[in-house]
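Structure, as structure tokens:
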Amino acid sequence: MLVIGFFHATLFFADIIGVYGFIALLFASLFLRLSNRNMIITAVFFLVLVAMFAPSMPRGFDALSMEAANSAAIEDPIEASITRMFDWMFYTPVLSYQVIPWVLIGILLARFQVIDHPKSHNKALITTAIIGLLLSTAGGIPMALMSSLFWTNYNDVMEVTAKSLHTITGYAGGVGWTALIGLLAIKLDEKSGRFTEAIAALGQRSLSFYLFQSILFVFMLAPYAGGLGGNISQLGSDFIAVFVWILSIAAANYLHQRSIRGPFETFLRKRSAV
């Protein structure tokens, strides 16, 4: 995963594959041995660290601080790739603490089989979805007002507070969306059709299509390729995102119909088994 993440960073600065690889390499065996109680304590500890230090990190706040996005504007592809490689080598270990709570939450969800058997946890999923999404929405409002320039007369303390709220409540939003997907799985359990199968096929090849989407975005948006990134509105970028997602579903369904696994999932399994 670290190798894949490193090369992915030549296209996309905000790579997440390498971060998961870094955490797995250093902490996987330790985390898996933790009791549920100690896992919750560890997750809370790292969430406190995130609340304290995330506001000073450029990632996630590009609307107010564009340092992290500079490599996206470099017109020379070689220079842009080299810049992102060096950035990746620094930010991957430094920002890993922000992803550790997600890893621990994921392990807990797997232990309790919440998503594997959503019908058995229906009430808990409903409660979690409502609370998580409400918290996430409320926590993101101050940051949204600042980044949209609707609120401009804020001071440094307000900005730091808004960034902390944006980040911390984002975890609640992630859990809320996961619960909502679990509830959707209950509804679709006996109504599976071609579109549902295509979505599932995409999920089963998520690593390959994560990389596939990065390639498409670079092809269309980068200044040394399609060059649309600096010439389209927010609505235009939204249309591109939806188009890439639909294309990904179609391609994943094509592979599924022919029983072809995702190439990078296959590569990762083979390399991990060595």
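Figures for the structure shown
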read-out	value
Options I249, I240, I186, I168: the member that is of a type in the set (V, I, T) and under 30 Å from S56 (Cβ atoms)	I168
Hits in the stretch 251-266 (condition: of a type outside the set (G, A, S) and either without any contact (Cβ under 8 Å) to a residue 60 or more places away in the chain or not assigned by TED's automatic domain parsing to the domain that holds L202 (or both))	N253, Y254, L255, H256, Q257, R258, I260, R261, P263, T266
Options E79, E67; residue that is at pLDDT below 75, part of a helix (DSSP H, G or I) and loosely packed, with under 15 Cβ neighbours inside 10 Å	E67
First in the stretch 210-229 and in the same structural domain as E265 (by TED's automatic domain parsing), second anywhere and among the acidic types (D, E), Cβ under 7 Å, 6 or more apart	P223/E75; Y224/E75; Y224/D76
Helices (runs of 4 or more DSSP H) contained in the stretch 1-62 and holding at least 2 residues in contact (Cβ under 8 Å) with a residue 40 or more places away in the chain, closer than 29 Å to T161 by Cβ and within 16 Å of the chain's Cα centre (by Cα)	17-33
Verdict on S248 being outside the structural domain of S148 (by TED's automatic domain parsing), buried (at least 17 other Cβ atoms within 10 Å of the Cβ), modelled with pLDDT of 95 or more and under 20 Å from the mean Cα position of the chain (by Cα)	yes
The listed residue being at pLDDT below 90, surrounded by 14 or more Cβ atoms within 10 Å (Cβ to Cβ) and under 23 Å from A241 (Cβ atoms), out of T167, T137	T167
Search result, residues across the stretch 83-117 that are of a type in the set (A, V, I, L, M), part of a helix (DSSP H, G or I) and farther than 14 Å from G5 by Cα	V94, V99, I100, V103, L104, I105, I107, L108, L109, A110
Criterion: without any contact (Cβ under 8 Å) to a residue 12 or more places away in the chain, of a type in the set (V, I, T) and surrounded by fewer than 19 Cβ atoms within 10 Å (Cβ to Cβ) - qualifying residue of V157, V99	V157
Pair list, Cβ < 9 Å and 6+ apart or interchain, from the stretch 114-140 residues that are within 12 Å of I186 (Cα to Cα) to residues that are of a type in the set (S, T, N, Q) and part of a loop (DSSP other than H, G, I, E, B)	S120/Q113; H121/Q113
Complete set of residues in the stretch 167-184 that are within 15 Å of the chain's Cα centre (by Cα) and aliphatic (A, V, I, L, M)	I168, A172, V175
Residue list for the stretch 1-45, restricted to those being surrounded by fewer than 14 Cβ atoms within 10 Å (Cβ to Cβ) and over 16 Å from Y97 (Cβ atoms)	V3, S29, L32, R33, S35, N36, R37, N38
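The values are calculated or read from the model by the stated rules, or taken from the named source; none is laboratory data. Source: prediction; values computed, not measured. Positions of Cβ are generated from backbone atoms using ideal geometry, with glycine treated the same way; all protein chains shown enter the neighbour counts.
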